[in-house]
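Everything on this sheet refers to the single structure shown next.
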Amino acid sequence: MRYADGPGTQDEIHIGAAPAEVWRLVADIALPTRFSPELQRVEWLDGATGPALGAAFAGHNHSQFMGDWRTVSYVVDLEPERVFGWAVTDSEGLFGGGPADPAHPMATWRFELQPEGDGTLLRQSVRLGPGRSGVSVAIERAPEKEEQIVERRLGAFLAGIRANLQGVKELAEGRA
């Protein structure tokens, strides 16, 4: 598994709530901060107050390996009650990828909602790259370990996805 191939991961969960209720939760950019050990806080930028194509939001992150850093994400896919996707950019140039460009993100995240039976099938996915990121830097330091580095990062992302999905389920079904 190579970074240049744009590897990703995803998971899904059935939620006993209508797509409109699930959408209300996943369209809130602050939702992942409730469940993520890395994403600490977010805020809309440039006067945006909610999801709209091209709208930008800042993410403030922390990890034991990288310390604190800030990203800027751009809404790149939006179909109310169906799809919410955003491209994460290196807004501070920490990883040497040049100016923040949503066409060359560090990662692209996406929620997809689909009516299913008495509720909603919610899927969350992420794709790494093609822009430079902390994963790129780690691979340059140890190119012989590229596959393990990518697998480790995708494993962390999958754990976060599962926490998000379970959290949305509990909130939407009134158990949180």
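Taking VAL26, VAL137, VAL88 as the candidate residues, the one with maximal mean-square fluctuation in a Gaussian network model of the chain, Cα springs under 10 Å, is VAL137. Along the stretch 61-76 the Karplus relation, 6.51 cos²θ - 1.76 cosθ + 1.60 evaluated at θ = phi - 60°, assigns HN-Hα couplings of 10, 8, 8, 5, 8, 10, x, 9, 7, 10, 10, 10, 10, 10, 5, 10 Hz to successive residues, with x for each Gly and Pro. In the chain, Cα pairs under 8 Å separated by at least six residues give a relative contact order of 29 percent.
In units of the compact-protein estimate 2.2 N^0.38 Å, the stretch 3-172 shows a Cα radius of gyration of 1.02.
Near GLY134: Cβ cut-off under 10 Å, other residues only, Lys/Arg at +1 and Asp/Glu at -1. The net charge is +1. Kirkwood analysis of the Cα pair distances in the stretch 99-176 returns a hydrodynamic radius of 14.6 Å. What the phi angles of the stretch 32-37 give under the Karplus curve with 6.51, -1.76 and 1.60, with θ = phi - 60°, is a coupling list of x, 5, 6, 10, 8, x Hz, glycine and proline written as x.
In the chain, the DSSP-assigned H stretches of four residues or longer account for a calculated mean residue ellipticity at 222 nm of -8000 deg cm²/dmol, using -39500 (n - 2.57) per stretch and the full residue count as denominator. Under a model in which nothing but the beta-carbon of Lys, Arg (+1) and Asp, Glu (-1) is charged, the stretch 3-172 shows a dipole of about 260 debye around its Cα centre.
Computed from backbone phi, the HN-Hα couplings of the stretch 3-12 come to 4, 4, 7, x, x, x, 8, 7, 8, 8 Hz, rounded to whole numbers (Karplus: 6.51 cos²θ - 1.76 cosθ + 1.60, θ = phi - 60°; Gly and Pro given as x). Would you work out which of PHE65, PHE35, LEU171 lies farthest towards the positive end of the dipole of the chain, given +1 charges on the beta-carbon of Lys and Arg and -1 on that of Asp and Glu, about the Cα centre? Most positive-ward Cα: PHE65.
Using a simple spin-label model with pseudo-atoms 7 Å out from Cα toward Cβ, VAL137 and ALA163 lie 2.1 nm apart. Around GLU21, under 10 Å between beta carbons, what's the net of Lys plus Arg minus Asp minus Glu among the other residues? The answer is -1.
Values in this text are rule-based calculations from the coordinates and carry no lab data. Computed from a predicted model, the values in this text were never measured in an experiment. Backbone-built Cβ (ideal geometry, glycine too); neighbour counts: all protein chains shown.
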